[in-house]
Amino acid sequence: MKTLLINIKELLQVRETAIEKVSGNEMKTLPKIDNAFLLIENGKIADFGKMENCPNYENCELVDATGRVVLPTWVDSHTHIVYAGNRIQEFVDRINGLSYEEIANRGGGILNSAKKLNETSETDLYEQSKKRLDEVIAQGTGAVEIKSGYGLTVEGELKMLRVIKKLKENYAIPIKATFLGAHAFPTEFKNNHSAYIDLIINEMLPKIAAENLADYVDAFLETGYFSVTETKRIIEASKKYGLQPKIHVNQFTAINGIKMCVEHNALSVDHLEVVTDDDIEALQNSNTMPVALPSCSYFISIPYTPARKIIDAGLPLALATDYNPGTTPSGNMNFVVATACIKMKMTPEEAINAATINAAYAMGVSNTVGSITKGKKANVIITKPIHSYYQLPYEFGSNLIEKVVINGKFNV
Ligand code: NIG
Ligand code: FE
């Protein structure tokens, strides 16, 4: 089965040889081919180039992409899309003056979602999550990481991870599961942190490993949540099961967590709304990808990750949504890319690199998605007719996507 896209106005993120990520100044370059063709065969990218060099392929389904931009689907390396219900009341409470912290201290926040999740059946949870996944795929996301962390009990965490496993089985896009048992301390462990960490290490981790339910481990490393020492215990215990860390850190405060994450070979450190010079230094010459979540900053009115400081220090940067009921009830990567340009002063080239190839690195899938490279999955976005790819962040509120192609299949 062959499909040939012809007359593509701009084919973006073209990498002849596969790369893992782009850092610093390299992020300013987004390789593209004007007036291009793209051949898809058996769900994979088989060939591409300039129209004038397009071979005479036979037995192809032809798709005329005149006026349209084609790019790899977005990769969303940080989400919590498996959750129960919503936190609309907290949203209104924040409008009326309460802070995220004040709401959490009143038993709202993560504990509120955990209560709802533990009262929801696995089937119902799957149905709610599936709806969100369908929506983000239609918005151009072609690979997604999903975290647990709203169970906070052995059964609740297993339920979430089983839902993620089922999504993996039923969807054609790459999905990675991250165990986030260390998202918050349940009320009964408020004054006995080590007992909850024992539960994570002695009960949750072995069961999760036995059912092969997780690819990565996460923790909310933050003042009032998990300390550097507590997070380190969890990371070290997870290593035994082959789970690499991807850690929530520096969302509200900088407490030297990034250095510890880098020392433990974290695949990514996510949030980073607050970044010190020591954090930058720790990330230099490391394999850890910093990940910014601008729609979280937007929604709860906290600072944006200092992208310029990070990129200008020669580091890579990835972008993700953080789709969750509390701080980011949106999984729209188009909005993330636009907001990164508008609020974080990332150039469109940097933002698109951050949301494709670097994002793929941040969830360990850069060998299969994230660029237009022969042999990679044919997961691509075809835009509506537009002036140039600059229009994507410029018209931040418009839906400029015409079709989303997953494994060579035209979904939307
Ligand atoms: O990434 N910061 C920690 N976790 C989530 C929010 C959790 C919630 O409020 O439900 C985040 O923003
Ligand atoms: Fe998050």
Next on the checklist: Cβ contacts < 8 Å: first residue farther than 17 Å from Val163 by Cα, restricted to the range 69-82; second residue open to solvent by 10 Å² or more (accessible area, probe 1.4 Å) and within 12 Å of ligand 1 (Cβ to nearest atom), any location; separation 6+ or different chain. Result?
Outcome noted: Asp76/Tyr323
Item to check | Counted residues, the range 27-40 - those being surrounded by fewer than 17 Cβ atoms within 10 Å (Cβ to Cβ) and not hydroxyl-bearing (Ser, Thr, Tyr) | outcome: 4
Checklist outcome for this item: Checked Glu20, Glu16, Glu58 against criteria (without any contact (Cβ under 8 Å) to a residue 12 or more places away in the chain, open to solvent by 80 Å² or more (accessible area, probe 1.4 Å) and outside any strand (DSSP E or B)); the one match is Glu58
Checklist outcome for this item: Taking the range 316-362 and keeping residues out of contact with any Phe, Trp or Tyr (no Cβ under 8 Å at 6 or more places or on another chain), open to solvent by less than 10 Å² (accessible area, probe 1.4 Å) and away from ligand 1 (no atom under 15 Å from the Cβ) leaves Leu317, Ala340, Met346, Glu350, Ala351, Asn353, Ala354, Ile357, Asn358, Ala360
Checklist entry - Out of Ala182, Ala266, which single residue is open to solvent by less than 50 Å² (accessible area, probe 1.4 Å) and farther than 28 Å from Gly108 by Cβ? => result Ala266
Item to check | Leading residue by the ranking (nearest to ligand 2 (Cβ to nearest atom)) among those in the range 116-166 that are of a type in the set (A, V, I, L, M, F, W, C) and within 15 Å of the chain's Cα centre (by Cα) | outcome: Ile146
Item to check | Complete set of residues in the range 147-198 that are without any contact (Cβ under 8 Å) to a residue 60 or more places away in the chain and part of a loop (DSSP other than H, G, I, E, B) | outcome: Gly151, Leu152, Thr153, Tyr171, Phe185, Lys190, Asn191, Asn192
Checklist entry - Does any residue of the range 64-74 turn out to be in a loop (DSSP other than H, G, I, E, B) and either under 28 Å from Tyr298 (Cβ atoms) or modelled with pLDDT under 95 (or both)? => result yes
Checklist outcome for this item: Just one listed residue, out of Leu293, Leu267, is aliphatic (A, V, I, L, M), on the phi < 0 side of the Ramachandran plot, modelled with pLDDT of 95 or more and within 15 Å of ligand 1 (Cβ to nearest atom), and it is Leu293
Checklist outcome for this item: Within the range 374-384, residues being more than 18 Å from Ser77 (Cα to Cα) and either open to solvent by 10 Å² or more (accessible area, probe 1.4 Å) or not assigned by TED's automatic domain parsing to the domain that holds Gly43 (or both) number 3
Checklist entry - Across the range 282-302, which residue is most open to solvent (accessible area, probe 1.4 Å) among those that are assigned to a loop (DSSP other than H, G, I, E, B) and within 16 Å of ligand 2 (Cβ to nearest atom)? => result Ile302
Item to check | Residue satisfying condition, being assigned to a helix (DSSP H, G or I) and within 13 Å of ligand 1 (Cβ to nearest atom), within set Ala114, Ala84 | outcome: Ala114
Item to check | Among the candidates Ser99, Ser113, residue that is open to solvent by 30 Å² or more (accessible area, probe 1.4 Å) and either within 16 Å of ligand 2 (Cβ to nearest atom) or free of Cβ contacts under 8 Å to residues at least 24 places away in the same chain (or both) | outcome: Ser99
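One line per residue, one yes/no per condition, for (1) in a helix (DSSP H, G or I); (2) within 19 Å of Thr356 (Cβ to Cβ); (3) open to solvent by 50 Å² or more (accessible area, probe 1.4 Å); (4) within 16 Å of ligand 1 (Cβ to nearest atom):
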| position | (1), (2), (3), (4) |
| --- | --- |
| Asn25 | yes, yes, yes, no |
| Glu52 | yes, no, yes, no |
| Gln89 | yes, no, yes, yes |
| Asp93 | yes, no, no, yes |
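The values are calculated or read from the model by the stated rules, or taken from the named source; none is laboratory data. From a predicted model like this one, the values you see are computed outputs, not experimental measurements. Cβ sites come from the backbone with ideal geometry, for glycine too, and all protein chains shown count toward neighbours. Heavy atoms of the whole protein, side chains included, go into the accessibility calculation; ligands, DNA and RNA do not. Shrake-Rupley method; radii C 1.70, N 1.55, O 1.52, S 1.80 Å.
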